[in-house]
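The values are calculated or read from the model by the stated rules, or taken from the named source; none is laboratory data. Every value quoted in this text rests on a predicted model; they were computed, and no experiment measured them. Cβ placement follows ideal geometry from the backbone for every residue including glycine, while neighbour counts extend to all protein chains displayed. Surface accessibility is based on the protein's heavy atoms, side chains included, excluding ligands, DNA and RNA. Shrake-Rupley method; radii C 1.70, N 1.55, O 1.52, S 1.80 Å.
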Amino acid sequence: MSSPSSPTRSETVIVVGAGIVGLACAWWLQRRGHQVLLVDPAVGGAPEPEAGGRSGSRSALGVLMADLFHRDRGRAWELRQRSLRLWHLWRTELGRRGHDVPHRAGVLVLAAEPAETERLARLAAAKRDLGLPLRLWDRQRLEPLLPSLPRPCLAGLHSPRDGQLDPGAALAALAADGQALGMAIRAQAAAALEPHRTGWRVALAGGGHEEAAWVVLAAGGASVTLLENLQGAGTTGGPLEPVLGQALELELAAPLPAAWPGTVVWRGINLVPRPDLEGGRRLWLGATLEPGLGADPARLADLRHLMGAAPDWLSGARVLQRWQGLRFRPVGRPAPLLEQPAPGLLLAGGHYRNGVLLAPASAAWVADRIEAGGDLPSQP
């Protein structure tokens, strides 16, 4: 990755939130020569909540679906394509600097009914017109895999450029390399914001405060709370609602077939092989299932058994751990929210199920905005 051109003026920036989006913003800004302070209790090694609860990024499976997105133009499409390119460059650079982010190429989306087969066929044709290497797999092409795939399985659409990366490794890599570049961290929660002189003051829950020319809010639901307390300061910001995802780590009796095509998606459920663990006998199984804050045990049971369609090898696997995590999506607006609610204040939130995928493009937008002095359209 070639060295990015330095901004004409280095800014002091506070990034609130150490999930994948916040860390991506903090790392990229520090990488470009700004002085960054990352504020979040999690950067101090705070334990995860009990009963399998995790933050959104730490509960993510890391599936990257850019080419397989159902559109082929517009803002959402462009953000995904930009992120896919940036993740390749970022992983290369982080690896050269000693911070590996494991990645496995390939995503196969399965059709469980005729209407899904028709939709995948149309999508494959549209993406081929763009020169993308998506391929529709018919029953004959799937035949070698059918004993191990969920049923029914009528067809599949395979994308070799999409894939899956380890979100935990990505978080660790961005944090470690950011600190090596000079990024500061403060393991406290942001309690309040207020305009101050030519920038912003961030009050910390444990006492004290920090000041900076720019503040980037990338803390999920906490960003909404901070913005709500600023309504009297002339800010604007869209509401977010929580959506809960559940996941399992399974130990298989035998490794998956060598021909297993990366991540497999069946009726919105992700089957993510972990070939680097236990001789390939580990699998992540997860989906973003339900609105609200509480996990439904019945939904977890459906996930575990693929709503009754799990093949024998999956039904017989041993559950090693389960977890849940919240994602936030905008209410009545497209995800994500990349906005400037007030001068010197940026919001990067509401990524819903695509925080890992869209983190690099979100970070690039934040840096572009800061380096332009805020003189860019609010949404990219």
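Worth a mention:
- Residues whose amide H lies under 5 Å from that of L277, counting only those 5 or more places away or on a different chain, are R282; hydrogens are built 1.01 Å from N in the peptide plane.
- Using a Gaussian network model of the chain in which every pair of alpha carbons under 10 angstrom is joined by a spring, one finds that among R353, R161, R141 the greatest mean-square fluctuation is at R141.
- In the chain, the portion of solvent-accessible area held by carbon and sulfur atoms comes to 52 percent [1.4 Å probe, whole percent, DNA, RNA and ligands not counted].
- Neighbours of A259 by Cβ distance under 15 Å: Lys/Arg scored +1, Asp/Glu scored -1, total +2.
- Inter-probe distance in nm under a simple model that places probes 7 Å from Cα toward Cβ, at E228 and L181: 3.4 nm
- Note that segment 218-226 has calculated 3J(HN,Hα) couplings of 9, 10, x, x, 5, 5, 4, 4, 4 Hz, one per residue in order, obtained from phi through the Karplus relation 6.51 cos²θ - 1.76 cosθ + 1.60 (θ = phi - 60°); glycine and proline are x.
- Accessible surface, segment 40-169, averaged per residue in Å² (probe 1.4 Å): 48 Å²
- Viscosity 0.890 mPa s, 25 °C: Kirkwood-radius Stokes-Einstein D of segment 67-119 over Cα pairs, µm²/s: 180 µm²/s
- Span from the segment 136-208 Cα centroid across to the segment 331-356 one, whole angstrom: 15 Å
- Here the extension length gained between D100 and A192 equals 29.6 nm, from 0.36 nm per residue of separation less the Cα-Cα distance.
- For segment 302-315, putting each phi into the Karplus relation 6.51 cos²θ - 1.76 cosθ + 1.60 with θ = phi - 60° gives couplings of 4, 4, 4, 10, 6, 6, x, 9, 5, x, 4, 5, 7, 4 Hz, in residue order, rounded to whole numbers and with x for Gly and Pro.
- At the listed q of 0.19 Å⁻¹, the Debye profile of segment 201-360, built from one uniform point per Cα, gives log10 I(q)/I(0) equal to -1.13.
- Taking packing as the residue-averaged number of other Cβ atoms within 10 angstrom, the listed peptides 77-83, 252-258, 25-31, 200-206 run from highest to lowest as 25-31, 77-83, 200-206, 252-258.
- Annotation: Cα Rg of segment 82-168 relative to the compact-globule expectation 2.2 N^0.38 Å equals 1.32.
- Converting phi to 3J(HN,Hα) with the Karplus coefficients 6.51, -1.76 and 1.60 and the offset θ = phi - 60°, segment 262-274 yields x, 7, 10, 10, 10, 6, x, 9, 9, 10, 10, x, 10 Hz in sequence order, with x at every glycine or proline.
- If both residues of a DSSP beta bridge must be in the chain, then about 70% of such bridges are antiparallel.
- Here's the picture: charge each Lys and Arg Cβ at +1 and each Asp and Glu Cβ at -1 in the chain, and of V356, W323, L217 the one pushed furthest to the positive end of that dipole is V356.
- Taking 0.36 nm per residue of separation and subtracting the Cα-Cα distance, full extension of the segment from E278 to R85 would add 66.4 nm.
- Once the chain from A76 to R318 is taken as fully extended at 0.36 nm per residue, the excess over their C-alpha distance is 83.3 nm.
- Three semi-axes describe the equivalent ellipsoid of segment 281-380; taken as square roots of 5 times the Cα gyration tensor eigenvalues and ordered largest first, they are 39, 15, 10 Å.
- Once you divide the Cα radius of gyration of the chain by 2.2 N^0.38 Å, the number left is 1.00.
- Dimensions (Å) - segment 254-299, Cα atoms, principal axes, largest first: 38, 20, 15
- Net charge of Cβ neighbours under 15 Å - reference A364; Lys, Arg +1; Asp, Glu -1: +3
- Positive contributions from Lys and Arg (+1) and negative ones from Asp and Glu (-1), summed over other residues with Cβ under 12 Å from the Cβ of W77, come out at +3.
- Under 20 Å from the S148 label point (7 Å along Cα→beta-carbon), backbone N, segment 314-333: 314-320
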